[in-house]
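A quick write-up on the structure given underneath.
The values are calculated or read from the model by the stated rules, or taken from the named source; none is laboratory data. As the structure is a computational prediction, the values presented were derived from the model and not from experiment. Quick reminder, even Gly has a Cβ in these numbers, built from the backbone with ideal geometry, and neighbours come from all protein chains shown. With ligands, DNA and RNA removed, areas are computed over all heavy atoms of the protein, side chains included. Shrake-Rupley method; radii C 1.70, N 1.55, O 1.52, S 1.80 Å.
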Amino acid sequence: MNDVLDFGLDDLSPADDDSEEAMRSLSACDLTVLSQHHTTPNGSHSFVLAHDRSVTWGIPGHPQLVAIAVARDLRQSTFMFETSHHATASFAQNWLAERGCPLERIALRGGDYIEPADDLTVQVEQQIQRSGTRYKVLDTYTSDDNPSEAWTLVNDSQATQAPVRLFYEEWNHDAGTYTMREGAFPDVGVAQTWLDKRSEPLPEPPEYSDHNGAVVRARIARIALSRSAGTSPTPQTGLDAPRTTAAVPVQRPVQGRLL
């Protein structure tokens, strides 16, 4: 993990009010960098995935991960600065990928990070990372207590049945692993009832049990083969030149991603 955060903006000015406000909303001393990527030549773009420790002092449940995208115009001596908070790394990675960051450059694997417990977890994470604008986030929650969990409730624009999806991540600190699962609900009210009661297993998406289930199983098998061969399970995006983008509680330990 490279925890040094330096955007090199000392000689540049924010391109607009949104960029200035986004930059001022963060304090580098509160951020633990989990992954970062800086493009070449001339370092025109920077992408950072970090844990924001200041959030853990605020309202319990707020998302603790922050994604940061910086685009510099070196000819104009200006920069554009965007941030977005997320409950899980996969949604933060999706946000960064949408702004031009190659997914393999911001992967969280090995080293200080706990590992996915199974291949289904990897499959669901990849689905989120590569989803583009498919999911509209409705709500999130993060808990470092028992159970240690984070979830993101979304509307799935591609779902023909049960369009409200819950992506539920739970950490097993003793085992050094975590799981990610996708649940499907007809509406937000039913999803919220499940979250409140937890009396039944998380309902699987309908596509898991129809003919598309074979596709899901095949993808998981490929992931398992890739992991056993020691290669990265994260697909290569082939992007290295980001698109131009408009500027768009009680102290708890760092989210379960870190040992």
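For the reader, a short list of remarks on this structure follows.
- Subset of the range 34-88 (residues that are open to solvent by 20 Å² or more (accessible area, probe 1.4 Å) and in contact with a strand residue (DSSP E or B) (Cβ under 6 Å, 6 or more places away or on another chain)): 36, 38, 44, 45, 63, 72, 78, 80, 83, 84, 85, 86
- If you go through the range 159-177 and pick out every residue that is modelled with pLDDT under 95 and either open to solvent by less than 40 Å² (accessible area, probe 1.4 Å) or not assigned by the TED database to the domain that holds residue 148 (or both), you end up with 3.
- Residue within the range 140-155 that is out of contact with any His (no Cβ under 9 Å at 6 or more places or on another chain) and on the phi > 0 side of the Ramachandran plot present: no
- Selected residue (criterion: farthest from residue 162 (Cα to Cα)) from residues of the range 177-203 that are out of contact with any helix residue (DSSP H, G or I) (no Cβ under 8 Å at 6 or more places or on another chain) and β-branched (Val, Ile, Thr): 177
- Per-region count, the range 160-208, residues within 22 Å of residue 117 (Cα to Cα) and assigned to a loop (DSSP other than H, G, I, E, B): 11
- The range 132-159, subset touching an Asp or Glu at 6+ places or on another chain (Cβ under 9 Å) and part of a loop (DSSP other than H, G, I, E, B), residue nearest to residue 33 (Cα to Cα): 148
- Qualifying positions in the range 124-135 - surrounded by fewer than 21 Cβ atoms within 10 Å (Cβ to Cβ) and either among the hydroxyl-bearing types (Ser, Thr, Tyr) or more than 14 Å from the chain's Cα centre (by Cα) (or both): 131, 133, 134
- Residue that is in contact with a Leu (Cβ under 7 Å, 6 or more places away or on another chain), over 30 Å from residue 72 (Cα atoms) and surrounded by 16 or more Cβ atoms within 10 Å (Cβ to Cβ), where the choices are 120, 108, 153: 153
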